[in-house]
Structure formats: C-alpha cells, structure tokens
1. Using only the Cα atoms of segment 38-169, build the gyration tensor, take square roots of its eigenvalues as a ≥ b ≥ c, and label the shape rounded, prolate or oblate: rounded if a/c is under 1.5, else prolate if a/b is larger than b/c, else oblate.
2. Pairs Lys15/Lys99; Lys15/Lys44; Lys99/Lys134; Lys44/Lys252; Lys4/Lys99: which are spaced more than 27 Å apart, C-alpha to C-alpha?
3. Label points 7 Å out from Cα along the Cβ direction at Asn222 and Arg110: separation in nm?
4. Please report the antiparallel percentage of DSSP beta bridges with both residues in segment 38-169, rounded to the nearest 5.
5. Taking every DSSP beta bridge that has both residues in the chain, what percent is antiparallel when rounded to the nearest 5?
6. Report the extension gain between Asp117 and Lys90 in nm, rounded to one decimal, defined as 0.36 nm multiplied by the number of residues separating them, less their alpha carbon distance.
7. Could you work out [θ]222 nm for the chain from helices alone, using -39500 (n - 2.57) per DSSP H run of at least four and dividing by all its residues? Round to the nearest 500 deg cm²/dmol.
8. Label Asp174 and Glu132 with points 7 Å out from Cα along Cα→Cβ: what is the distance between them in nm?
Amino acid sequence: MKGKRIAVLEARLGKQLAELVTQRGGVPFHAPALAELPDLEPAKIAALVQSMGERLPKLVVFQTGVGTRALFGAADALGVTARFLALLEKTTVVVRGPKPAGALRQRGVRIDRSAADPFTTHEVLAAIADVELKDARVIVQRYGTVNAELDRALESRGAEVVEIPTYRWSLPQDTRPLAELIGALERREMDAAVFTNAEQVRNLFAVANQLGKAEPLRSGLNATLVASIGPVASAALRDAQVRIGVEASPPKLGALMSALEAALA
C-alpha cells in the first residue's frame, strides 16, 4: 500500500483493520461509522423460550455470531439455557454463516441448514427452499436492524415470523471523525475507503446529509478506490450511487485486504 491513505469505517474490529492497513504500509484513517447497542429485554427472552415450549417453531434462524452469543448470555442470566437448548434440539436450526455457526457449536447446538457463501439473505432462503412453511412459526435472530427481505420472503410462504432483537445499530456518539472523513474525501485526500457493513454506508451518508454534503461525499467516493467486504455492503453502495472498485471473495477481512492491496498496487 506504500503510504496510501485508507479510510476504515469498521467499528468493532476497526483497530484490528487499521493495524492490517499499517502492516501493509498504508496510512489508516479510522472513522467508525456504526455503534452496536444492546437491545435485549430479559422479559422478552423469557417469554420467547416459554412460547417455544407452547408452540414449537419449525425453524430458528441465527444470523450473526454477536447476536447469537448475546442471546445465550441473556438465557444464561435468566437460567433458561437448558430449556432453550432442549427446544432447539426439536426444531430445525438455520445459520446465515460461519460466525453464528461457531457461536452455536460452542453451545453444542446441532446445525441443520447453513447458508452458502457469500452468506446473504438469498443463500439463507436457498438453504430452506424445500421446507414447508405454511402456518409454521419461524424465529429469526435479528441483527442490527430488521431483515425485511427475509421476513417478507418467509411470510409469503405462509410463515409466522417472530424476531428476537439482540442488538441494534446506530450512529456512533462521536460523529466528528465521519465529518472529517467526508471533508477529506471531498478534498480528494483519500486513496481508498473500506466498507465492511451496509449500515456504514447509510450512516456515512446520513452524516453527510446533516452537513449538506451528500453530493460532495458521493463525488469524493467515486474518485476513490471503494472496497466492499461483500454483496450486502455492495448493494448499499450501489443504492448510494457509489462505484465499487473491489469486492472481497469470500466476504472476509483477509480476502478484503488482499484484494485492496492488489488493486492499489
């Protein structure tokens, strides 16, 4: 990367990603674009486990590792983990990708269906295409925001969808680094910008709209090498009319950094 300036919008793994940029000779500009806030209500988790015993769901869909661990943490605190695990044994467990799969395996949960790479909603639906869902109950572990595409697709097949909130996404408390990044992009001071989540795109443009700089931001990004971790982030970038220079395959940080380094070279 040889001194190239790289904007990093990742929050949770932002320092790790910035260090990877530095190790490759780049100069990271870290502007976290996302905050993950707990959204677990113990009473609702207790009621969910109780309702699963009264009406067993046909499917339980786990979408993220963070959310899966948070859900089990809440179950632990309530003392209902054993009951929850016993109920999962009786239903079909679906995972969106390797992260929720890893979190479930730590708890000894059998995984019945797994979404294929690149682990988007499309692959989740393909993994359960043969499951009869008319009048069936489906529980979905929510990630950050409601997965409206998944919910609508399940409901169109006759399912009753129940979402479990575990965490929600919001703007970070301090948006000054994002404002500084928007200015730097407007002045063409960045060589690349790395997006690892679709919500980062929306939040960056939300801050730009507040500053009256949505168009300068769009122009600045389109004059920069934009790197996306995968199809979901890429879809948000296209919605914002931003050109994608690099998309990781598979959608993982290592592949993303290798593709970015090759593109900058």
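1. Judged from the Cα gyration tensor, segment 38-169 comes out rounded (a/c under 1.5).
2. Cα-Cα > 27 Å for Lys15/Lys44; Lys99/Lys134; Lys44/Lys252; Lys4/Lys99; rest within.
3. It is 5.3 nm.
4. Of those bridges, close to 10 percent are antiparallel.
5. Percentage antiparallel, nearest 5: 15.
6. On the way: separation 27, 0.36 × 27 = 9.72 nm, distance 2.66 nm.
My answer for the length gained is 7.1 nm.
7. Using -39500 (n - 2.57) per qualifying helix, the result is -14000 deg cm²/dmol.
8. 5.7
Read the figures in this text as sums done on the coordinates, not as results from a lab. This structure is a prediction, so every number in the text was calculated from the model and none was measured. With ideal geometry, Cβ positions are generated from the backbone for all residues, glycine too; neighbour counts draw on all protein chains shown.
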